[in-house]
Amino acid sequence: MEDLKERTRAFALRIIRLYSALPQTAEAQVIGKQLLRSGTSVGAHYREGTRARSDAEFISKIEGGLQELEESCYWMELLIDAEIIQQNRLTDLIKEADELTAILVTCSKNAKNRQKIRNQIMTDPNSSFILPPSSFTKGLTSADDL
């Protein structure tokens, strides 16, 4: 199965290929460059998140990736609405963006729950419980895993 690191990389490569196939009109190029920036940033945010030193940093990076996915969807919708590209050419890419969004939302929620539990344990003077390192994204590769 494809892991999330590879899946976000594949998404970025599809965005690059889409940008390369856009017409050379000013409108297409302006929107395309915005899409290129946001669509290729998703994987970068995720990879930065995997190296996070804390839950707060992980959450910040994952939510940054979510913002980039939302922006990417916006630019793809504009490409369709402006009749620069036909909707059927973007259907699969938009579906992938939606699935990646669902996965990253789950990663963020899990990290927030873990952070909440850690904070509760740390404020309980009778607690000697130690949580293992985070592994909330291992094995999570599709919306079906949610």
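Inside segment 79-88, residues that are surrounded by fewer than 17 Cβ atoms within 10 Å (Cβ to Cβ) and either closer than 17 Å to Ile62 by Cα or in contact (Cβ under 8 Å) with a residue 24 or more places away in the chain (or both) make up a count of 2. Pairs are defined by a Cβ separation below 6 Å, a sequence spacing of at least 6 or placement on different chains, a first member in segment 13-42 that is without any contact (Cβ under 8 Å) to a residue 60 or more places away in the chain and closer than 14 Å to Arg89 by Cα, and a second member that is among the small types (Gly, Ala, Ser) and surrounded by 17 or more Cβ atoms within 10 Å (Cβ to Cβ); the pairs so defined are Tyr19/Gly32.
For segment 68-112, a residue qualifies if it is of a type in the set (Val, Ile, Thr) and farther than 29 Å from Ser54 by Cβ, and the qualifying residues are Ile80, Ile84, Ile85, Thr91, Ile94.
Selection over segment 61-78 of residues that are more than 18 Å from Cys107 (Cβ to Cβ) and touching a Cys at 6+ places or on another chain (Cβ under 9 Å) gives a count of 0. Tell me, yes or no, whether segment 66-79 has at least one residue that is at pLDDT below 95, among the hydroxyl-bearing types (Ser, Thr, Tyr) and out of contact with any Pro (no Cβ under 8 Å at 6 or more places or on another chain). Checking segment 66-79: not a single residue is at pLDDT below 95, among the hydroxyl-bearing types (Ser, Thr, Tyr) and out of contact with any Pro (no Cβ under 8 Å at 6 or more places or on another chain).
Could you pull out the residue among Glu63, Glu57, Glu68, Glu27 that is surrounded by fewer than 20 Cβ atoms within 10 Å (Cβ to Cβ), within 16 Å of Leu100 (Cα to Cα) and out of contact with any strand residue (DSSP E or B) (no Cβ under 9 Å at 6 or more places or on another chain)? Working first, answer last.
On the way: Glu57 fails: within 16 Å of Leu100 (Cα to Cα); Glu68 fails: surrounded by fewer than 20 Cβ atoms within 10 Å (Cβ to Cβ); Glu27 fails: within 16 Å of Leu100 (Cα to Cα).
It is Glu63.
From Thr8, Thr101, grab the single residue that is surrounded by fewer than 20 Cβ atoms within 10 Å (Cβ to Cβ) and not basic (Lys, Arg). Break it down stepwise before answering.
Working: Thr8 fails: surrounded by fewer than 20 Cβ atoms within 10 Å (Cβ to Cβ).
So the residue among Thr8, Thr101 that is surrounded by fewer than 20 Cβ atoms within 10 Å (Cβ to Cβ) and not basic (Lys, Arg) is Thr101.
The values are calculated or read from the model by the stated rules, or taken from the named source; none is laboratory data. Please read these numbers as outputs of a predicted model, since none were measured by experiment. Reconstructed Cβ throughout: ideal geometry from the backbone, glycine too, with neighbour counts over all protein chains shown.
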